[in-house]
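The structure appears right after this line, and notes come after that.
The values are calculated or read from the model by the stated rules, or taken from the named source; none is laboratory data. This is a predicted model, so every value here is computed, not measured. When we count neighbours, we look across all protein chains shown, and the Cβ atoms used for this are built from the backbone with ideal geometry, even at glycine. For accessibility, only protein heavy atoms count, side chains too; no ligands or nucleic acids. Shrake-Rupley method; radii C 1.70, N 1.55, O 1.52, S 1.80 Å.
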Amino acid sequence: MIVTMGARDLEQLLAEQVSYYRAVAPEYEEHALPFDDGGELAAALDAFRPTGSVLELACGPGVWTRQLLRHATEVTAVDASPEMVGIASARFGGEPVRFVEANIFDWQPDRRYDVVFFGFWLSHVPLERFASFWSLVAGCLKPGGRVFFVDDAYRTPDELVEGESSSTILRRLHDGSAHRAVKVPHRADELEERLARVGWRVQVRPTTTGPFYWGAGSPVS
């Protein structure tokens, strides 16, 4: 069981998480996990076919944006880190992508979308914000809209500075600097149940090997 925290402590942690992703942006892709499940996740996204207008939350440096563009008519990509947005926007000049710099916990959409996608973001949403986050996602979708996400439950012993029952982890950059962030180790079956309780019908599937999972579904009408 993951222990929750008070509102003030949570706000501080989330601010530190944004700072971490700003700092890690130049070396983000050098911190890839040592597992070979990326192809399985990519195949699941291709099978899902995120067509039409797509909203990508926490786009980071655009690792998944390119695959979304294989199917989408247009993509709106949101991230709180200007450094991440800068890297991603430089990669997709001339492509039908609109980048928005905004903290997802404070942001509201200016339109609705056929698909909402987020890659390796859900585990960074604290359980205290789980229901409100999924309410935001529902509000981003057109009637009949769908959601797809990929993520992992990987946490190293060195990261667990507050123990396994805490979702607070400590990560280090190449320069040795330490940054706190959120990492909720969702299990596929538990995540399906948690989503059902907040009004979603989502199938969550673990990959064949490694700590990864993907989910696809829609709000319960």
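Quick look at the numbers
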quantity	calculated
Other-chain or far-sequence residues with amide H under 5 Å of A80's (modelled H)	A102, I104
Between the stretch 54-117 and the stretch 128-151, the alpha-carbon center distance in angstrom	15 Å
Residue with peak Gaussian network fluctuation, the chain [Cα springs, cutoff 10 Å], from G60, G93, G139	G93
Net charge of Cβ neighbours under 14 Å - reference V54; Lys, Arg +1; Asp, Glu -1	+3
Summed residue charge, Cβ within 9 Å of V75's Cβ, Lys/Arg positive, Asp/Glu negative	-2
Accessible-area order (highest first, 1.4 angstrom probe) of the listed residues K142, K183	K142, K183
Label selected from [x] 43, 39, 36; [y] 68, 48, 30; [z] 58, 36, 32, the criterion being Cα extents along the principal axes in Å as computed here	[x]
Protection proxy ranking of 116-122, 213-219, 5-11 - average other beta-carbon atoms within 10 Å, highest first	116-122, 213-219, 5-11
Mean Cα-pair separation over length for the chain, i.e. relative contact order, pairs under 8 Å, 6 or more apart, %	22 percent
Note, ³J(HN,Hα) from phi for the stretch 41-54, Karplus 6.51, -1.76, 1.60, rounded to Hz, x at Gly and Pro	5, 5, 5, 5, 5, 4, 5, 5, 6, x, 8, x, 8, 10
Accessible area in square angstrom per residue, the chain, 1.4 angstrom probe	47 Å²
Built amide H within the under 5 Å cut-off of R146, gap 5+	V115, V116
Of all accessible heavy-atom area on the stretch 43-114, the percent that carbon and sulfur account for (1.4 Å)	46 percent
Value of [θ]222 nm, deg cm²/dmol, for the chain, DSSP H segments ≥ 4, -39500 (n - 2.57) each, nearest 500	-9000 deg cm²/dmol
Kirkwood-based shape ratio for the stretch 90-221, expressed as Rg/Rh from alpha carbons	0.99
